[in-house]
1. Hey, how many Å between the Cα centroid of segment 207-279 and the Cα centroid of segment 283-347?
2. Principal axis extents for segment 400-499, Cα atoms only, whole Å, descending order, please.
3. Determine the sum of side-chain charges near Val183: Lys and Arg each +1, Asp and Glu each -1, restricted to other residues whose C-beta is under 12 angstrom from that of Val183.
4. Working only with C-alpha atoms, what are the Rg and Dmax values of segment 131-202, expressed in angstrom?
5. Mind giving me the nanometre distance, one decimal, between the label points for Gln133 and Arg471, set 7 Å out from Cα along Cα→Cβ?
6. Take the Cα pairs of segment 62-121, get the Kirkwood Rh, then feed it into Stokes-Einstein at 4 °C and 1.567 mPa s and tell me D in µm²/s.
7. From the Cα trace of segment 322-362, what convex hull volume per residue do you get, rounded to a whole Å³?
8. Report the GluC sites (Glu not before Pro) located in segment 312-390 that are in a DSSP loop and have at most 10 other Cβ atoms inside 10 Å of their Cβ, or state none.
Amino acid sequence: MNLAQNLSDAVRRDGGRTALKLDDVEVSYGALDEASARVAKLLRDKGVRPGDRVGVMLPNVPYFPIAYYGVLRAGGVVVPMNVLLKGRETGFYLSDPEAKAVFVWHGFAEAAQAGADEAGAECIVVTPGEFEQLLGSVKDASRDVEPREDDDTAVILYTSGTTGKPKGAELTHANLSKNAQAVVGLFGLTAEDVIFGGLPLFHSFGQTCGMNAAVAAGACLTLVPRFDPAKVLDVIERDEVTVFEGVPTMYGALLNDRAAESADTSTLRLCASGGASLPVELLRAFEERFGCKILEGYGLSETSPVASFNHPDNERKAGSIGTPIEGVEMKVVDDDGNDVPTGEVGEIVIRGHNVMKGYWNRPDATAETIDGEGWFKTGDIAKADEDGYFFIVDRKKDLIIRGGYNVYPREVEEVLYEHPAVREVAVVGMPHPKLGEEVGAAVALKKGATASPEELQTFVKEQVAAYKYPRKVWLMDDLPKGPTGKILKREIEVPQEVRA
């Protein structure tokens, strides 16, 4: 089944029901269906055929689901892109999947156009008013949805570890449809629910648990393009939000905002947290203040993303990522792939309907990550208790999670290495009270070369998304190394003045 069929089903149930809100703007399911059908016809007219890839570089505005479902109903493959990407980054995100086109918000058109030129893709700029005129000019837009097989790729989500270029996780129509349905059941979603849409829709959490789950349930998604705690509290009260989904930093920001003292959040019946570990004290303080239970879960882009959750009708264990969702298996194994005893630490592996098809054009990486029995190696270290609840202990990789956004050190390091004064660099995560982690960079300069930490920071800032560049940069004579010459990040000392 084509994932876009969920939208058609919602229209059949009640096309007049509100699908999307953005402040004073409301979009019904019927209007969303019509606009996405016009997008599909627009793409077909431009030569996009089933299986072709199309980028979507849009913020949390109604145009995102319009473009997303339009690509899908044409049989295309959506390549979601962070709106903060710069030209050098968009070039890769469009060239690697050989995208035919990209929908881009007018405010980010310059960066997208640079990438589109490099990739040979058509850049379709989305400007309010003008885009409606473009869709209005489309003739003979059918409401039909292009048939797709369960195993056909629906979305390519780019992710990466700490080495190499980002890898495109191929998520199938079955992956995403079943994961969205699992969320509907897990959260008890109905058409009466209003879901907070502040998680980026280009990210797997917001895309599946917010947008796709809302459409599967026929619920309303109220969009917030930029997270501001006072604004969010106002939206919760104004739109009578029933389900809030966020990362830990969002919960901390809401709890500590002055507006929380007077905000009416009585309509909230459920909160869900993911993207990073939620501190137990934050969980308890939030629940006490807002009177709404938080369920913490776990997943990755490669698992569509939901793999486990604390279930509302079962015991909730603070600090735990819960138990696997229906149809999904999880276990903890040692380095040889053997099950470890209950309570022992090992790597989480996952098997089920949520596990990706593989990495786009990377059979080697796919084989390294998914074994012959279908177990996906997460790279996350955890332990499980006697009740089958999982607890994350650490991350096997050097991935930095800054405010819920993934920052891959190798990508930042490669930019720094382009600076003429840089000899060696190591990008590391540093504890941060609000963001969870901050990006830091230890740099050794070439002999006789000069460069200030501020200069190096600016150099990176101009070439990568705002959440990636290192806020802390310090110079060292040499970086610590092992016997083979490999830089040992764990032995890097951060100067006290940098920590402050």
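Taken together, the values in this text are just the output of simple stated rules run on the coordinates, not laboratory data. Because the structure is predicted, anything quoted here is derived from the model rather than measured. Glycine also receives a Cβ, built like all others from the backbone with ideal geometry; neighbour counts cover every protein chain displayed.
1. Segment 207-279 and segment 283-347 have Cα centres separated by 20 Å.
2. Answer, in whole Å and largest first: 37, 30, 26 Å.
3. On the way: positive: Lys178; negative: Asp193, Glu245, Glu326.
Residues close to Val183 contribute a combined charge of -2.
4. 17.2, 47
5. 4.2
6. On the way: Rh = 11.6 Å.
This corresponds to a translational diffusion coefficient of 112 µm²/s.
7. Spread over its residues, the Cα hull of segment 322-362 gives 97 Å³ apiece.
8. Working: sites: Glu315, Glu326, Glu329, Glu344, Glu347, Glu368, Glu373, Glu386; in loops: Glu315, Glu326, Glu344, Glu373, Glu386.
Filter output for segment 312-390: Glu373, Glu386.
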